[in-house]
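The values are calculated or read from the model by the stated rules, or taken from the named source; none is laboratory data. Because the structure is a prediction, the values reported are computed rather than measured. Ideal geometry is used to build each Cβ from the backbone, glycine not excepted, and the neighbour counts take in all protein chains shown. What goes into the accessible areas is simple: the full protein's heavy atoms, side chains included, and nothing from ligands, DNA or RNA. Shrake-Rupley method; radii C 1.70, N 1.55, O 1.52, S 1.80 Å.
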Amino acid sequence: MTATYKNDFLKEVEANVEDGQWVKMCMQCGVCAGSCPLGPHWQHSPQKIFMMIRAGKREEVLTSDSMWMCTSCYNCIVRCPRKLPITHIMHGLANYAHRLGLAPKGQPTREIAKLFWDNIVKTGRVNELKFSLAMYFKDGFGQGVKNAMAMQGIGLGLMKAKRLNPMEMLGGHTCKDKGGIHKMIAKAREIEDRRKGLSGH
Amino acid sequence: MADIKYAAYICSGCGIGDKLDVDALEKVATKEGKMAVVKSHPFLCSTEGVDLIKNDIANDGVTHVMIAACSRRAKAEAFTFPDNAVSRANLREGVIWVVAEGSEHDEVRQEMAEDYIRMGCAEIKKMTQPAGNPNKAQSKRIMVVGGGMSGMTAALAAADAGYEVVLIEKTAKLGGFASNLLKRVPFNAPYAEAQPTGVEELASKVSGHAKIKVHLNSTLSETAGAPGRFIAKIAQESGAIAEETVGAIVQATGFTPYDINKLTELGGGQANVVDQAGLEALAKAANSGAIKRADGKEVKSVVFVQCAGQRGSGGNGNGQHLEYCSGHCCATSIKQATYFKDANPDVDTIVMYLDLRVPGMGEDFYRSAQEKGVIFTKAKVNGVSGGLSGEMSCKVNFKDLILDEEATVDADLVVLATGQVANAGVNLDEWTATVTAAESGDAAAVQRKSELQKISVLNLNYRQGPDVPQFKYGFADSHFICFPYETRRTGIYAAGPARRPMDMFQAMEDATGAAMKAIQAVENATHGRAAHPRAWDLSFPKARLEGCTQCKRCTVECPFGAIDEDERRFPLFNEERCRRCGTCMGACPVRVISFENYSCDTVGMQIKAVNVPDEFEEKPRVLILACENDAYPALDMAGIQRLTYSAFVRAIPVRCLGSANTIWITDALNQGYDGVMMMGCKKGDDYQCHFVKGSEMAYYRMSKIDDTLKQLGLEPERVQTHEVAITDNARVARMIDEYVAQLTELGPSPMKGFG
Ligand code: SF4
Ligand code: SF4
Ligand code: SF4
Ligand code: SF4
């Protein structure tokens, strides 16, 4: 348990979170909190998240779903008088919480991000059909059928317009050098982990 | 002056000749004004016009000049004749520019102009050109009281400008509070790192300066005299008294940190709770190593509590301490937090602030401290406890104002950002009360009086008390907006935190300003002239003592303590201390105080010269007494902007509303004027009165006039007092019209026809 209002957690964030070294520079003006279009839906605004980090509230921050709510609109970055890369810090925090396994289970943004990632790394291309279906069924089979029925009209329309090919279900497009893609991704992860001091993982 | 010859010169330029019947004006000047010479000129301020006047002075024996042209505020240079008294009738800004256009207004416009001619002629007959003070003061030396940053800076500024300086320092060395600092807040770009204080260099410059004489271990046991001739008795450590004659004084006596022991609710008095001065001592002792507490334990965590016992209930503490923000302590805490971070970046350093006030480039310094890892937490501190015994750490209970929750943090050391208390000497209200009680034999008061004498900085032997008057919260009073260094004792200038709370940079700037004012004061004094804002003025108040009833009102009401008492208990004027405001003249119930060029008569005769229409003419007549510093310029500005106002008013500029004697009001009302408007500067704590207390005195006196009005059977509305700022041109025109409308409704004054 981290003592509150000690610098330990701030230092942890600085070491492990993308652009985390900026957190100490926030002057608590609240401009980001007032600028965020998602503001009313967040439990903690960026301003508060930064204060909580400085107050050493490790659990509360890392298990929070607040930073997962960021839509990357960049409103806050443009407006922050202290030039904090707020959007990047939000994503960095989400990523760090995810890596530590502390991110809230079932948080939609996190789920979608995961599905998207798993989908794209397989072949080097997004299989839209599989991705949509995975999304529909992420909350179980029954809910998946309901979701699919609800979206039926749109699906048929896309098919008619040749925007969706049902045959993609069977394997679908891949890249020319799938193995090469996999190697590239593995290498990138290795570099990233090294950068974050997480060798192995 | 042997033969007096009055002359009137009327200008018909600037449109005056188009709007007014100048021939008729000349007739008024001759017949009613009884001017020996009356001339008009189409362009009076031209070389030719001025030469006409000069020629009459040189060759025709003209001694007194009445100029009817533009406002006395315009063309002042052209219309100055050093050996002759000059009065001005304001036909341009005061008549043709403000009376509505159109022939239907021709009659009232002309009547207004003729009245101003009558007034100008009446005034000049009561004026003499000031001869100046025959006893001109001699000393141009400047005494600086206080050898801290402010005092040393003032001394150097004056000495480098070529003036001899006497510096008095009560301790054994120069440097003052700054000597106790490890470093100062940065003065220059990039404003990122604390800087050396520079106090040693400054001190050695001062001690080595050929024009500066330093008295260490010395205090002032008495200061007597006036600008240009102060005599300071300097009590030295040995018990000897040295005497110095100086022309002006800079009081740079600094501040004392608010007593931390009074802040018990924030842990004040406990072992590991220090104020900013205490922290400087620890930091100095650490000698750029790790900072240790008094018990020797290395500080690993420190909390700074901002606004400790400051800003009333808006700060931290129980709200029973200082009401104000000391302005420097936010930046000072930032600086001190970096002491810790520079020595060891792992020290947890939290600054708990309510509002971080770092004006100017302080914002860069703040950012630099954040980069070093100082944590800033917006918090209201509820209490500080612990820190009693050596090993125990302090506990700070606070409410995090961003996260909106109560919290506690442990720290090895807590630093309280306490405020500055001015070292401005004795509070004169307390002094007066104590002296009065002591005189009636109260033993405790006698005791207190001698204590106060010890607290006193200047020990002035003035009748009004031993120090400069204080503003609220105990700082030396000074005109914040216009003349910041000017105290209410002429020739004595306050600089640095004795005047208002401030940081070192501001104090040094302040000191330079005060030194410049001191130089101005000695120069004016040696020329026998007044100080700001009538610096050119050679007149000074004269009292016909045979008429004086010794009521002492002048000595009490003079805002500048210029009037002492002689052995026979008559007022004793110190011309050099006088600022020529005329407040004494307004105060005197028997009207024995006057200036050669400004008196109860110069104004009174103008009031009487006005043609007051009778009750059947339906032309109300309103007297305006307008302060020459703000209200009269505002009236002129109304004219310059061609704003119109009623032609029923007659305006007379006064030096200060405080100089308005109630006799003028009663005279005007007796004569049948329908109303009187008095216009002066803002009074009160945020006063703008150029003479500080003048407009307040006027209000006070007018508040007593209601009874007089009742006796005369007059409505209280017939006398009005207004605060007018120099920017109020539009407002002043509106006010006049509204008042004239109100008076029309009220009907003519019942006094008409009795005068
Ligand atoms: S970028 Fe993210 S945190 Fe910033 S305003 Fe947009 S949604 Fe809010
Ligand atoms: S806008 Fe920037 S400085 Fe202001 S609270 Fe947000 S992050 Fe902090
Ligand atoms: S300068 Fe800062 S700490 Fe000092 S009283 Fe003002 S706000 Fe408070
Ligand atoms: S009241 Fe004004 S005019 Fe009179 S002595 Fe004092 S400063 Fe001079």
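The angle between the Cα long axis of helix B:149-160 and the main principal axis of chain B comes to about 50°, on a 0 to 90 degree scale. The gain in end-to-end length when the B:K173 to B:E565 segment is fully stretched comes to 137.3 nm, 0.36 nm per residue minus the alpha carbon separation. Each of B:R731, B:R579 has its accessible area taken with a 1.4 Å probe; listed largest first, they run B:R731, B:R579. Rounded, prolate or oblate: which fits chain B when a ≥ b ≥ c are the square roots of the eigenvalues of the alpha-carbon gyration tensor, with rounded for a/c under 1.5 and prolate only if a/b beats b/c? Here chain B falls in the prolate category. For the residue pairs A:K11/A:K187; A:K57/B:K395; B:K173/B:K454; A:K48/B:K335, the C-alpha atoms sit more than 22 angstrom apart in A:K11/A:K187; A:K48/B:K335. When the other protein chains are added to the chain by itself, burial of at least 50 square angstrom of heavy-atom accessible area (probe 1.4 Å, ligands and nucleic acids ignored) affects these residues of the range A:28-65: A:M51, A:R54. At an R0 of 30 angstrom, the distance between the Cβ atoms of B:K39 and B:H105 translates into a FRET efficiency of 0.65.
In a DSSP loop and with at most 15 other Cβ atoms within 10 Å, the trypsin sites (Lys or Arg not before Pro) in the range B:451-550 are B:R544. Averaging the sequence gap over all C-alpha pairs within less than 8 Å and six or more residues apart, then dividing by the number of residues, gives chain B a relative contact order of 12 percent.
Counting only protein heavy atoms and a probe of 1.4 Å, the accessible surface of the range B:315-395 is 52% carbon and sulfur. Per the accessible-area calculation with a 1.4 Å probe, the total area buried between chain B and chain A rounds to 1900 Å². Each listed q (0.17, 0.20 Å⁻¹) maps to a log10 I(q)/I(0) for the range B:633-755 from the Debye sum over equal C-alpha point scatterers, namely -0.92, -1.21. Close amide H partners of B:G386, meaning residues 5 or more places away or on another chain with modelled amide H under 5 Å apart, are B:K395.
When only alpha carbons are used to place a centre, the range B:367-436 and the range A:1-42 end up 26 Å from one another. Remark: the B:E406-B:D737 segment gains 113.2 nm on full extension, using 0.36 nm per residue and subtracting the alpha carbon distance. With helices as the sole contributors, chain A gives -16000 deg cm²/dmol at 222 nm; each DSSP H run of n ≥ 4 counts as -39500 (n - 2.57), and the sum is divided by every residue. Per residue, the convex hull spanned by the alpha carbons of the range A:108-196 comes to 116 Å³.
With contributions of -39500 (n - 2.57) from each DSSP H run of at least four residues, the per-residue ellipticity at 222 nm computed over chain B stands at -9000 deg cm²/dmol. Isolated cysteines in chain A, defined as those with no second cysteine Cβ under 4.7 Å, comprise A:C26, A:C29, A:C36, A:C70, A:C73, A:C80, A:C175. Per-residue SASA remark: A:T109, around 60 Å² accessible (1.4 Å probe; ligands, DNA and RNA not included).
Against the main long axis of the alpha-carbon atoms of chain B, helix B:47-59 sits at an angle near 70°.
In this view, the solvent-accessible surface of A:L38, computed with a 1.4 Å probe and all protein chains in place, comes to about 40 Å².
Output the antiparallel fraction of DSSP beta bridges having both residues in the range B:258-419, as a percent to the nearest 5. The antiparallel fraction comes to roughly 45 percent. Spin-label pair B:N59-B:N318: with each label point 7 Å from Cα along the Cα-Cβ axis, the two points sit 8.5 nm from one another.
For B:K5, give me every one of the lysines with a C-alpha distance below 16 angstrom, ignoring sequence neighbours fewer than eight places off in its own chain. Answer for B:K5, where 16 Å is the Cα cut-off: B:K31, B:K34, B:K39, B:K54, B:K125, B:K126, listed by chain and number. By a 1.4 Å probe calculation restricted to protein chains, B:D60 has an accessible surface near 60 Å², given to the nearest 10. DSSP bridge analysis restricted to chain B gives an antiparallel fraction near 35%, rounded to the nearest 5.
Dividing the mean sequence gap of close Cα pairs (under 8 Å, 6+ apart) by how many residues the range B:3-45 holds gives a relative contact order of 58 percent. DSSP finds beta bridges in the range B:117-225, and of those with both partners inside it, around 10 percent are antiparallel. Of B:S218, B:S313, the order by accessible heavy-atom surface (1.4 Å probe, DNA, RNA and ligands excluded), from most exposed downward, is B:S313, B:S218. Charged neighbours of B:N55, selected by a Cβ distance under 12 Å, balance to -2 (K, R count +1; D, E count -1).
For the range B:395-417, a reduction of at least 50 Å² in accessible area between the chain on its own and the assembled protein chains (probe 1.4 Å) is found at B:I402, B:L403.
What fraction of the Cα pairs in the range B:311-402, stated in percent, has a spacing above 22 angstrom? Tail of P(r) above 22 Å: 36 percent of Cα pairs. Per residue, chain B exposes 39 Å² of solvent-accessible protein surface, assessed with a 1.4 angstrom probe and all protein chains in place. Rg/Rh for the protein assembly as shown (Cα atoms only, Rh after Kirkwood) is 1.14. Lysines within cross-link reach of B:K693: Cα-Cα under 16 Å, excluding same-chain residues under 8 positions apart? Correct list for B:K693: B:K472, B:K682, B:K683. Among the GluC sites (Glu not before Pro) found in the range B:60-169, those both in a DSSP coil and sparsely packed, with 14 or fewer other Cβ atoms within 10 Å of their Cβ, are B:E77, B:E101. Of the residues B:I67, B:I519, the one with the largest accessible area comes first in the ranking B:I519, B:I67, computed with a 1.4 Å probe on protein heavy atoms.
Projected over every direction and averaged, the convex hull enclosing the alpha-carbon atoms of the range B:66-166 yields 11.3 nm². Taking the Cβ-Cβ separation of A:M25 and A:E168 as r and a Förster radius of 51 Å, what is the calculated FRET efficiency to the nearest 0.05? For R0 = 51 Å, the calculated efficiency reads 0.60. Straight-line cross-link partners of A:K146 among the aspartates and glutamates, defined as a Cα under 15 Å from its Cα and at least 8 positions apart when in the same chain, are absent. Once C-alpha pairs closer than 8 Å and six or more residues apart are averaged by separation and normalised to the residue number of chain A, the relative contact order reads 18 percent.
Amide H to amide H distances under 5 Å link B:L167 with B:V144, B:K213, B:V214, B:H215, where only residues 5 or more positions off or on other chains count and H is placed in the peptide plane. The string of couplings for the range B:415-422 from the Karplus curve (6.51, -1.76, 1.60, θ = phi - 60°) is 10, 9, 7, 7, x, 9, 10, 5 Hz, one whole number per residue in order, with x for Gly and Pro.
For the range A:79-139, the carbon plus sulfur part of the accessible surface works out to 61%, probe radius 1.4 Å. Helix B:443-455 and the longest principal axis of the Cα set of chain B meet at an angle near 80°. Under the combined filter of DSSP loop state and at most 15 neighbouring Cβ atoms within 10 Å, the range B:152-206 retains these chymotrypsin sites (Phe, Trp or Tyr not before Pro): B:F187.
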